[in-house]
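J.: What follows is a structure written as structure tokens; I'll ask about it next.
The values are calculated or read from the model by the stated rules, or taken from the named source; none is laboratory data. Small disclaimer: the values here were computed from a predicted structure and weren't measured. When we count neighbours, we look across all protein chains shown, and the Cβ atoms used for this are built from the backbone with ideal geometry, even at glycine. Each accessible area value is taken on the protein alone, full model and side chains, heavy atoms only, with ligands, DNA and RNA left out. Shrake-Rupley method; radii C 1.70, N 1.55, O 1.52, S 1.80 Å.
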Amino acid sequence: MFSTFLLGGICAVVSESALAQTASPRHGDGIADKNLDARVESILRRMTLEEKVGQLVQYSAGQPTGPGTGRTDYDDMIARAQIGSLFNVIDPHEINKYQKIAMEKSRLHIPILFGLDVIHGFKTEFPIPLGLASTWDPSIVEKASRVAAMEAAADGIRWTFSPMVDIARDARWGRMAEGAGEDPFLGSAMAAAYVRGYQGTRLDAADSIAACAKHYVGYGAAEAGRDYNSTEISEHTLRQFYLPPFRAAVEAGAASLMSAFNSLNGVPSTANPFTLKQVLRKEWGFRGLVVSDWNAVGELIPHGIANDGATAARKAFLAGVDMDMVSSLYHDNLQKIVSSGQATQAELDEAVRHVLRVKVALDLFEHPYVDEAAAPKALYHPESIALAQTAAERSFVLLKNASGPGGKALLPLAGGGNENIAVIGPLGDDFSYPGGAPPADAGGGARATPLAAALVQRVGESHVSRFKGVGILDGSDAEIADAVAGTQKADVVILALGETPEMSGEAASRAHLGLPGKQQALLEAIVGTGKPVVLILFSGRPLTLPWAFEHVSAVIAAWLPGIAGGPALVRTLFGDVNPSGKLVVSWPRSVGQEPLYYNHLNTGRPAGDMDLTRPPSDVPSRYLSRYIDEQNTPQFPFGYGGSYTSFSYGATAIDTQRLSAAVLNKDLGAGAGQPAAMTAEAEVTNTGSRPGEEVVQLYIQLLGTSVAEPVRMLKGFRTVSIAPGETKKVKFELRPEDFAIWNDRNQFAAEAAKMNVWVSPDSAHGSPAQAEIVP
Ligand code: BGC
């Protein structure tokens, strides 16, 4: 049985079991609910100009400080209804204190909406979003964000600035850590899952929080991977790649969106009527709230489209930004902008409606306060930590697992705990690695069991020796020599290397993507001992480590795995769990390949996966789209991930070779007789000796279209558990929307094309079935 769900305007159909992973009933009808309107209007009617503007003003009343923060007059401003939302207030007592002023002293008793960046958990910290996405399991993401919502809401926070649904094609960009990677189809599934998790079955339930899809839009395309940098994105690329995850969040009922810092084709996203009004409001019918990013209204001045604060406020407001995060420019200027007629009352009312609708939908008017005594009880439930552990286990990507002693793959560790294990490297017992993207959890780190400690718990003190080797950023030759000496008695070395949490996330772009500090020297010295080495990489992005991938036997990408990352890694090392995570970003060989993404166009002179190690005489032509000093292909492709077992794929079979564009475009009369959908399937066999889970992927390519389309596009995915020797048929259904492209007439439509269809283990393998779409 098959069902349909909408992803970013692209409709995908998956089999029932896949659906169980990706869609529970549509939630968060909250802001879409027409019944809210009467209540919103009755409040709006009674509001003065000053009170209306107040709803559009937001400040950060806690750390960090910056422009527009650090005021001392919040109490007074709230009493005068000059503030609609506060964020970064985490103490429930303080939340209630501010709320009491709003509810008792302000004239209309409109509650404050409290927000926070709850990104990968509130207190119970889950793997960073890049890790969560590497599970390819939206149901895990949904459950994780449900836990985050329950913890945050119990604390009095009813609005999270999450999910970040920016497409990230460039590992230099530190915020890749906060999103679901480079693909719009997967990104859309994850975006919707976050929204469902945060907003629950009802937005007005006490344990639901409003989601905020950010950063709208194109922020991840920052030129040269440098955070906040400008972006140039064609409408085709915007529509087909960058917008779909936002659309999916809106379709899932997201209560809010955040406008981004970046300029998009010369127009800052925070003053961009095309994206904010035309696409978001007119085309998608979004009824929720748009908040600016931090001081993004003020930043219209350095962007160069406003020479003073009043102009910046006017441009942002008229473009469709409802709420001003911290710049104070709406507070300072908006009353005058409206009273002087530069913006209309109707425009002001509409923005206020968006804010009030979210507050009413959250039932804040009826339940403005948080139960301070109950708040701590919602945190760190054993089931929540267990879920964080499962999520971590599912997020690890086995990048390499070559032969260890005796010719067998090094992992899982064969000795079952009897071997002597040396844990070397700065991240072996670092308490900060659960943190990842902000806010770092002050309490959670202490509850986390780091890798070395988790190993000791598993095999006992006497089997584990611990050498730091070097720090993440610093270290000495003497420390390296110490660690080398420490390997003497070891049967196996676990090397825990990577980045500090601060090296990914906001304002953490890197021009070099190798191991920071002296870690590469440590790595080479330890591998030089000849001991079997398992390298565990902790990072918020892929790292360019060609030497490691050549010389180290086993490598696991652990991302920043959250509060239960240590025990999850131990269970993985010993084979209690079989890795099943797959990459959601292309893993570069060298930073010069960035931006690097699998769903690129072909060029007129494609070099394919030409091997540059071939002798020049063997190379057909040098005038191809390639580097003269590096492969075009990634180190590991999008979708790639190893397992302790192995899977083989049979040929992709499709049920029809011919579709009609007219039928696909619902012009049934013209193309009668042609099917409007296609199924694609392949047999997947577990050819190894362990049970394993495999993320099976469906890709298509369209050739001969009016606008060039990528070499492959993900259109489905499904995780299947397969026993050793067992074969499972994995079937996908492609629906009309899956064939739609943003064409040369600026519309989504299916076109006549030749088509390749792959059911494959990743974006680089498999042999396609061929079909065609006739006009
Ligand atoms: C970030 C946002 C975040 C906001 C509030 C900004 O600097 O770009 O992602 O939600 O701060 O903390």
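J.: Pull up segment 284-296, narrow it to residues that are over 11 Å from Phe261 (Cβ atoms) and assigned to a loop (DSSP other than H, G, I, E, B), then point me to the one that is nearest to the ligand (Cβ to nearest atom).
T.: Gly288
Residue-wise test of (1) surrounded by 17 or more Cβ atoms within 10 Å (Cβ to Cβ); (2) within 16 Å of the ligand (Cβ to nearest atom); (3) not in a loop (DSSP other than H, G, I, E, B).
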residue	(1), (2), (3)
Gln457	no, no, yes
Ser462	no, no, yes
Asp474	no, no, no
Ala478	no, no, yes
Val484	yes, no, yes
Ile494	yes, no, yes
Glu502	yes, yes, yes
Ala508	yes, yes, no
Gly514	no, no, no
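J.: Further, regarding this structure: Condition (residue is open to solvent by 30 Å² or more (accessible area, probe 1.4 Å) and either part of a helix (DSSP H, G or I) or touching a strand residue (DSSP E or B) at 6+ places or on another chain (Cβ under 8 Å) (or both)) applied to segment 81-93: is it met by at least one residue?
T.: Yes, because at least one residue in segment 81-93 is open to solvent by 30 Å² or more (accessible area, probe 1.4 Å) and either part of a helix (DSSP H, G or I) or touching a strand residue (DSSP E or B) at 6+ places or on another chain (Cβ under 8 Å) (or both).
J.: Please state which one of Asp324, Asp430 is touching a Ser or Thr at 6+ places or on another chain (Cβ under 9 Å), within 16 Å of the ligand (Cβ to nearest atom) and of a type in the set (Asp, Glu). First the steps, then the outcome.
T.: Numbers: Asp430 fails: within 16 Å of the ligand (Cβ to nearest atom).
Just one listed residue meets the conditions, Asp324.
J.: Of the residues Ala189, Ala180, Ala152, Ala171, which is under 19 Å from Ile563 (Cα atoms), small (Gly, Ala, Ser) and either more than 14 Å from the ligand (Cβ to nearest atom) or assigned to a helix (DSSP H, G or I) (or both)?
T.: Within the list Ala189, Ala180, Ala152, Ala171, the selection yields Ala152.
J.: Can you find a residue in segment 423-445 that is open to solvent by less than 60 Å² (accessible area, probe 1.4 Å), at pLDDT 95 or above and not in a loop (DSSP other than H, G, I, E, B)?
T.: Yes.
J.: Let me ask something else. In segment 520-540, which residues are outside any loop (DSSP other than H, G, I, E, B) and within 25 Å of Arg571 (Cα to Cα)?
T.: Once the filter is applied, which keeps residues that are outside any loop (DSSP other than H, G, I, E, B) and within 25 Å of Arg571 (Cα to Cα), segment 520-540 yields Leu523, Ile526, Val527, Val533, Val534, Leu535, Ile536, Leu537, Phe538.
J.: Please give the number of the condition Glu681 fails out of (1) part of a loop (DSSP other than H, G, I, E, B); (2) in contact with a strand residue (DSSP E or B) (Cβ under 6 Å, 6 or more places away or on another chain); (3) among the charged types (D, E, K, R).
T.: For Glu681, the exception is condition (1).
J.: Using the structure shown, decide if Ile157 is under 18 Å from Glu366 (Cα atoms), of a type in the set (Val, Ile, Thr) and within 16 Å of the ligand (Cβ to nearest atom). Even if it seems obvious, please write down each step before you answer.
T.: Numbers: under 18 Å from Glu366 (Cα atoms): yes; of a type in the set (Val, Ile, Thr): yes; within 16 Å of the ligand (Cβ to nearest atom): yes.
Yes: the conditions hold for Ile157.
J.: Take the residues in segment 210-252 that are of a type in the set (D, E, K, R) and either open to solvent by 10 Å² or more (accessible area, probe 1.4 Å) or part of a helix (DSSP H, G or I) (or both), then tell me which one is nearest to the ligand (Cβ to nearest atom). Full working, then the answer.
T.: Taking segment 210-252 first, the residues of a type in the set (D, E, K, R) are 214, 223, 226-227, 232, 235, 239, 247, 251.
Right, trim to either open to solvent by 10 Å² or more (accessible area, probe 1.4 Å) or part of a helix (DSSP H, G or I) (or both) and you get 223, 226-227, 232, 235, 239, 247, 251.
Working: Glu223: 17, Arg226: 14, Asp227: 9, Glu232: 20, Glu235: 25, Arg239: 23, Arg247: 20, Glu251: 22 Å.
Only one residue tops the list, namely Asp227.
J.: Any chance segment 390-397 includes a residue that's open to solvent by 60 Å² or more (accessible area, probe 1.4 Å) and hydroxyl-bearing (Ser, Thr, Tyr)?
T.: Looking for residues that are open to solvent by 60 Å² or more (accessible area, probe 1.4 Å) and hydroxyl-bearing (Ser, Thr, Tyr), one finds none in segment 390-397, hence no.
J.: Now, a different point. Look at Leu364 and say whether it is part of a helix (DSSP H, G or I), touching a residue at least 40 places away in the same chain (Cβ under 8 Å) and within 30 Å of Asn88 (Cα to Cα).
T.: No: the conditions fail for Leu364.
J.: Report whether or not Val147 is open to solvent by 10 Å² or more (accessible area, probe 1.4 Å), of a type in the set (Val, Ile, Thr) and either without any contact (Cβ under 8 Å) to a residue 12 or more places away in the chain or more than 16 Å from the ligand (Cβ to nearest atom) (or both).
T.: So Val147 passes the test.
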